[in-house]
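The values are calculated or read from the model by the stated rules, or taken from the named source; none is laboratory data. Owing to the predicted nature of the structure, the values given are computational and were not obtained by experimental measurement. We place every Cβ from the backbone using ideal geometry, glycine too, and count neighbours over all the protein chains shown. The accessibility values were calculated without ligands, DNA or RNA, using every heavy atom of the protein model including side chains. Shrake-Rupley method; radii C 1.70, N 1.55, O 1.52, S 1.80 Å.
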Amino acid sequence: MHDPRVPETLEGFCLLHQMFRVKWNYWTALDEHERHRVAGEASERLAGMQLGELGQTALVTLLGHKGDLMLVHSRRSFDALQEAQLAVARLGLARFLETSSSYVSIVELGMYEMTAQVHKRLQEKGLKPASEPYETEFDAEMAEQQKRVYGRLFQEVPARRYVCFYPMNKRRGEGRNWYAAPFEERARMMREHGAIGRHYAGRVNQIISGSIGYDDWEWGVDLYADDPLVFKKLVYELRFDESTAYYGEFGPFYTGLQFAADELPRYLEGHVPALTKA
Amino acid sequence: MHDPRVPETLEGFCLLHQMFRVKWNYWTALDEHERHRVAGEASERLAGMQLGELGQTALVTLLGHKGDLMLVHSRRSFDALQEAQLAVARLGLARFLETSSSYVSIVELGMYEMTAQVHKRLQEKGLKPASEPYETEFDAEMAEQQKRVYGRLFQEVPARRYVCFYPMNKRRGEGRNWYAAPFEERARMMREHGAIGRHYAGRVNQIISGSIGYDDWEWGVDLYADDPLVFKKLVYELRFDESTAYYGEFGPFYTGLQFAADELPRYLEGHVPALTKA
Amino acid sequence: MHDPRVPETLEGFCLLHQMFRVKWNYWTALDEHERHRVAGEASERLAGMQLGELGQTALVTLLGHKGDLMLVHSRRSFDALQEAQLAVARLGLARFLETSSSYVSIVELGMYEMTAQVHKRLQEKGLKPASEPYETEFDAEMAEQQKRVYGRLFQEVPARRYVCFYPMNKRRGEGRNWYAAPFEERARMMREHGAIGRHYAGRVNQIISGSIGYDDWEWGVDLYADDPLVFKKLVYELRFDESTAYYGEFGPFYTGLQFAADELPRYLEGHVPALTKA
Amino acid sequence: MHDPRVPETLEGFCLLHQMFRVKWNYWTALDEHERHRVAGEASERLAGMQLGELGQTALVTLLGHKGDLMLVHSRRSFDALQEAQLAVARLGLARFLETSSSYVSIVELGMYEMTAQVHKRLQEKGLKPASEPYETEFDAEMAEQQKRVYGRLFQEVPARRYVCFYPMNKRRGEGRNWYAAPFEERARMMREHGAIGRHYAGRVNQIISGSIGYDDWEWGVDLYADDPLVFKKLVYELRFDESTAYYGEFGPFYTGLQFAADELPRYLEGHVPALTKA
Amino acid sequence: MHDPRVPETLEGFCLLHQMFRVKWNYWTALDEHERHRVAGEASERLAGMQLGELGQTALVTLLGHKGDLMLVHSRRSFDALQEAQLAVARLGLARFLETSSSYVSIVELGMYEMTAQVHKRLQEKGLKPASEPYETEFDAEMAEQQKRVYGRLFQEVPARRYVCFYPMNKRRGEGRNWYAAPFEERARMMREHGAIGRHYAGRVNQIISGSIGYDDWEWGVDLYADDPLVFKKLVYELRFDESTAYYGEFGPFYTGLQFAADELPRYLEGHVPALTKA
């Protein structure tokens, strides 16, 4: 049933973020030949996870102690994510990685505007909410929308150097409660929220994923940019936005530099790896 | 005494959820013959925990860093759960498992509707609450109900691929306090909560267990489905429900893929295991 | 000085709860002869901690990952608790135990009713609060009470199979603040709280201990029963009680099975140990 | 500048609390001769840290899992604390110690009464707040006060058996906010708070230290007594005091037995160590 | 777009704080020659990170268990921070360091006053907010300001002995919400906040860095002084300031002694290292 309080969502790639610390002490104690072999295997296997329509695996080297390396896997199913998780766990390199965190989610487009429009249109047609024809037409509309935004649901990881990832919730406080606010008010706030984002168009790519039912926060946010200052400017400006000021709750922030799977051996030899293989 | 503020509950299987990380580094360092032997023993022992009326042990491979493997034991008593816990701890495989979390609870049906009806009926009969005949008749009604819902109290783990587990509380905030709300209001909210769930009938199985007095949250929720998207849609829609929007507090979410005990050796060799043995 | 805002308390045994995980991997790797020797020593030493009037040490095998083994030491002094702590730390078995948690407290009876009565009686006698005769008479009353409830202050651990332990606070919220509520209101709430407990008389034994000034919560609660369902029913019903619904804050819950020190070797060989040695 | 909203404080010894777990397994595995040597060195070095006017190092054996051993270093400067920290880290015994926690603070006397009096007196003299003469006279008054309370700022650790340490904050809640309350109100509450403490004079010594700017809570509290029951009685009674009921926020509590550095070898052989060497 | 609700910020050095525990047990077990070699290499490499305009790396020995050593790296880019992180991870000394925490941020000047002035001036000129000329002129003003405060954005670490670091947020409470307060009110509070700081001018240096979008708190604060008492006095006085009393939320505090890279070998031999090489 399409509940008019609930904004419709469209879903795309399944995502698994994995954060690892590199056990540098053990790694550097390994002899050079062996390091070469192990790094080469990992590099090759991760390069082999660039699967086009079936998804990909992005590599990010993080700043700070929360992790040295973040892998962002996008796949078509949870089974394929599990396969990626197992493949990484069984790399020769895994012996030199310590898992520090992770995040499970599905790329999501929230459709506040469309939800209201479709409910209105169907009711204007004289269809009765929750009736079979109503539900059927609604599902058809959704399928149509899904085609329209297919490219955003199953998009490639943007080829930009800097990455920011954080999970978030909408507050359900005793006074300020997002889920108890009327649909119209939430829709208005999301509209204003989106307007700020649009001022940054071109300078930042944002991928929202939903994790309700999968992980400890409600959404994950990935930002990609050519200049890390954009993250600070954007996230700060959003904080003054009503939907964030009153309702946004944030988990840990991870920030780092995206790099090519081919560059992994250079990274493991202590060099800052490049976004694209020279 | 049957306190009219307190909804009656009926109890079934005792449950122990165990979450483990696989120490892949140590495991893959083991020689093949030994891996075969250890995996075979574990697979056989876990397969032997399918005890029919006496309970069972479900296997789930989790996504993310909170665990690789979740075992869900259902048994007739805490003694039998302790026996299962000891049996797992003493598997040869246990050397390659690191316990990351657990949950202790008892399958529970909350009987808001029935509680109100029985109190009303007994009082219409002229019986005085807390009197001996009142209590005796109430107990008899409960015993009757228990027979009626026996199959739900002692049900098998649904044979569905995707699993979601999370613990939860009802808020006792300074402003919004579930336990201070009148029985009738709570009953109404639970009714609406249940109505949403019913729209998902057929697509998801839900097993609620009570853990007040046993573990750190008040309830555990297990969801089983053939499509993991159903978890997201259901848990999101419920979040707009009054009982959840104002009173729901959630612990960590675990999500993964159920698989057959027979498939454990394949899993341990790096393959995504199947729900049923080919 | 006896402050009329503060309920008097009477104190008995000093308590130390110790929670341990058993390092099963290391233990089972030990040869049988050595396991026999180490388990025998631990069993004998713990059996020797049943000191009658001087206190005792109860053994509990826990469900879940928070611990495998809980020891509950009751002693006449903190020095004697320290002695017990050192003795356990120096068992041969300690090498196979990992401390996961603990709790320090003193058995306490809160005397809301008596406090009010004695203050009233002394004032009716014309004594002036905080005067020397007032304080002296009050102390004499307390000493008398202490004799009367001596058996509850220095009681043996009940010989019942199931054990539940949890720490708790009374909320000092900005709106709901237990310590700012008038004495009479607190006394009334504690009376109602006690009334629920009395409906469970015979089915459960409760030992309250105070830990203000000693550990991170204000009180510890130990429940003992022959059926673990009683914990769930009791703690759930209490949650609707005003003193709990508005003011109760709960720490982690530990639940398990009490067993005899003589049964420790059987437990360490993987068997569910019995409450009393056959 | 002396801000009339801010109570003046006087400072004495710099304090470093260090909490350690003893790795008993490794320690008892050491041969007796070596244990004798290592314990002797540690005992001698710690005994050598009793520096009179320059400070001292107290030893406390803790109850429970938060630590086995607490060292309380008082010194004249942060450099001297760092020296003590380094000296402990480099003891032969350090190999058998695991740091579990610590606290950095400076002994502090809060001067609510005096602050108000001096501001009043200087203004009655016609001096203008924040003017140079005002500030100079204020500083002179403070220097005078410091001489007067010198003994309390640089006091020896009381030679009492039982020790209680905990950090605390004053709440800055949305409704109840200590730092937003008027000076006069805070002064009144601190007066009442102090009055309760005075009823315990003789039975307990209290050392308050400030940690704003140094550690995660605002103050540290050390209590010393001959009977640990006094801690419970005092801290419980204080909880009903307005400044605590509404504004007190408490960190972890550590409780234990003070003992002589000379007794360290006996402790390490499993005996409860004495407060003074026999 | 320059949103008039949002104070403009100017950015300077990228900062990475790294906190480490020294594994003294392993370190002191190393033979003297090897310690000499490893300490010498680390000292030389860290001394080589004093890069003038390109940034520097300050060394701090911390008090307490949160860390023994803190490195504060300032660099021109996140890539250069990553390079520093990798270089430290690959020191021979890294084997004897355990990362305990970190912080990622960018030196920031918040421009409440200027923001208001520029918006006012441009509007007085008749320019329309969000129009292209408006934005262009605003950007030009910002560039001008940046030149003016360049020295503060890219300043050297002050050559002062004592260091205090802590992260902080502005509260977004249900009642008190910084981001929902009007710009004018925030500007006024920040002005008052700044006035207190100015009373400490000369006695303390403060470096604010922004971490919104990079790390788990919104800002990092570094204080440098010749007397650690100044930290306590300043941070305590600020707590009574409206912007802090109502809106300040604080993370962990780190405090310690700055020292010269040349002094590292002396430190590693157990001596308190000096701020400047003798």
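Against the longest alpha carbon principal axis of chain E, how many degrees, from 0 to 90 and to the nearest 10, is the axis of helix E:78-89 turned?
The helix E:78-89 is inclined about 20 degrees to chain E.
Helix-derived [θ] at 222 nm for the protein assembly as shown: sum -39500 (n - 2.57) over DSSP H runs of at least 4, divide by residue count, nearest 500?
Theoretical 222 nm ellipticity from helices: -11500 deg cm²/dmol.
Straight-line reach from E:Lys128: which aspartates and glutamates have Cα under 13 Å away, leaving out those fewer than 8 places along the same chain?
E:Asp3, E:Glu137
Could you compute the FRET efficiency for A:Lys23 and C:Tyr26, with r as their C-beta to C-beta distance and R0 at 22 Å, rounded to 0.05?
0.45
Using alpha-carbon positions, what is the distance between the centroids of region E:181-239 and region C:56-78, in Å?
48
I need the inter-copy label distances for E:His271: point set 7 Å along Cα to C-beta, values in nm with one decimal, smallest first.
4.0, 4.0, 6.5, 6.5
Given a cut-off of under 8 Å on Cα pairs at least six residues apart, what relative contact order in percent is computed for region A:21-157?
Across region A:21-157, relative contact order equals 26 percent.
In a GNM of chain B with a 10 Å cut-off on Cα contacts, which of B:Ala94, B:Ala140, B:Ala260 has the highest mean-square fluctuation?
B:Ala140
Label position 7 Å from Cα toward Cβ: report the copy-to-copy distances for A:Arg5 in nm, one decimal, ordered from shortest.
2.6, 2.6, 4.3, 4.3
Given D:Lys23/E:Lys23; C:Lys170/C:Lys232; C:Lys23/D:Lys23; B:Lys23/B:Lys66; D:Lys120/D:Lys170; D:Lys66/E:Lys66, which pairs have Cα atoms separated by over 18 Å?
Distance filter (> 18 Å) returns C:Lys170/C:Lys232; D:Lys120/D:Lys170.
With angles folded into 0 to 90 degrees, how steeply does helix D:32-47 sit against the dominant principal axis of chain D? Use alpha carbons for both and round to 10.
20
Of all accessible surface on chain D at a 1.4 Å probe, what whole percent is carbon and sulfur?
51
Over the whole of A:2-11, what's the average partner chain Cβ count within 10 Å per residue? Rounded to a whole number, please.
That average works out to 3.
Summing +1 for each Lys or Arg and -1 for each Asp or Glu, what net charge is found among the other residues whose Cβ lies under 11 Å from the Cβ of B:Leu46?
On the way: positive: B:Arg45; negative: B:Glu41, B:Glu44, B:Asp262, B:Glu263.
Spelling it out: positives minus negatives among the neighbours equals -3.
How shielded is C:16-26 by partner chains, expressed as the average number of their Cβ atoms within 10 Å of its Cβ atoms?
3
Give the lysines reachable from C:Lys125 as a straight Cα distance under 27 Å; neighbours fewer than 8 places away on the same chain don't count.
Correct list for C:Lys125: C:Lys147, D:Lys233.
Pairs of Cα atoms under 8 Å, at least six residues apart: use those to get the relative contact order of chain E, whole percent.
Worked out over chain E, it gives 26 percent.
Ignore the peptide's own chain and count Cβ atoms of other chains within 10 Å of each Cβ in B:239-245; give me the average, rounded.
The per-residue average across the peptide is 5.
Work out the FRET efficiency for B:Glu44 and A:Glu156 from their Cβ-Cβ distance, taking R0 = 41 Å, and round it to the nearest 0.05.
On the way: r = 45 Å, r/R0 = 1.10.
After rounding to 0.05, the efficiency reads 0.35.
Counting other C-beta atoms within 10 Å, and keeping those with at most 16, which DSSP coil trypsin sites (Lys or Arg not before Pro) do you find in region B:216-278?
Working: sites: B:Lys232, B:Lys233, B:Arg239, B:Arg266, B:Lys277; in loops: B:Lys277.
Listed in order of number, the matching sites are B:Lys277.
Measuring label to label, 7 Å along Cα→Cβ, what does C:His199 give against each other copy in nm, shortest first?
3.7, 3.7, 5.9, 5.9
What length, rounded to one decimal in nm, is gained on full extension from B:Glu34 through to B:Gln146, with 0.36 nm per residue of separation minus their alpha-carbon distance?
Residue separation times 0.36 nm, minus the Cα-Cα distance, leaves 35.5 nm.
Once the mean 1/r over all distinct Cα pairs of region A:139-249 is inverted, what Kirkwood radius in angstroms do you read off?
Here the Kirkwood hydrodynamic radius works out to 15.6 Å.
Using 0.36 nm per residue, how much length does the chain from C:Asp226 to C:Glu98 gain when fully extended, once their Cα-Cα distance is taken away?
43.2 nm
Angle check, please: helix C:229-239 long axis (alpha carbons) against the longest principal axis of chain C (alpha carbons), in degrees 0 to 90, nearest 10.
For helix C:229-239, the angle is close to 30 degrees.
Rolling a 1.4 angstrom probe over the protein heavy atoms, how many square angstrom per residue are accessible across chain C?
Spelled out: the 1.4 Å probe surface of chain C, per residue, equals 39 Å².
Any chance you could get the radius of gyration and Dmax over the Cα atoms of chain E, in Å?
21.1, 75
Roughly how much accessible area, to the nearest 100 Å², goes out of reach of solvent when E and D pair up, both sides summed, probe 1.4 Å?
4000
Hey, got the dipole for region B:1-150? About the Cα centre, +1 on K and R Cβ, -1 on D and E Cβ, debye to the nearest 20?
So the magnitude is around 400 debye.
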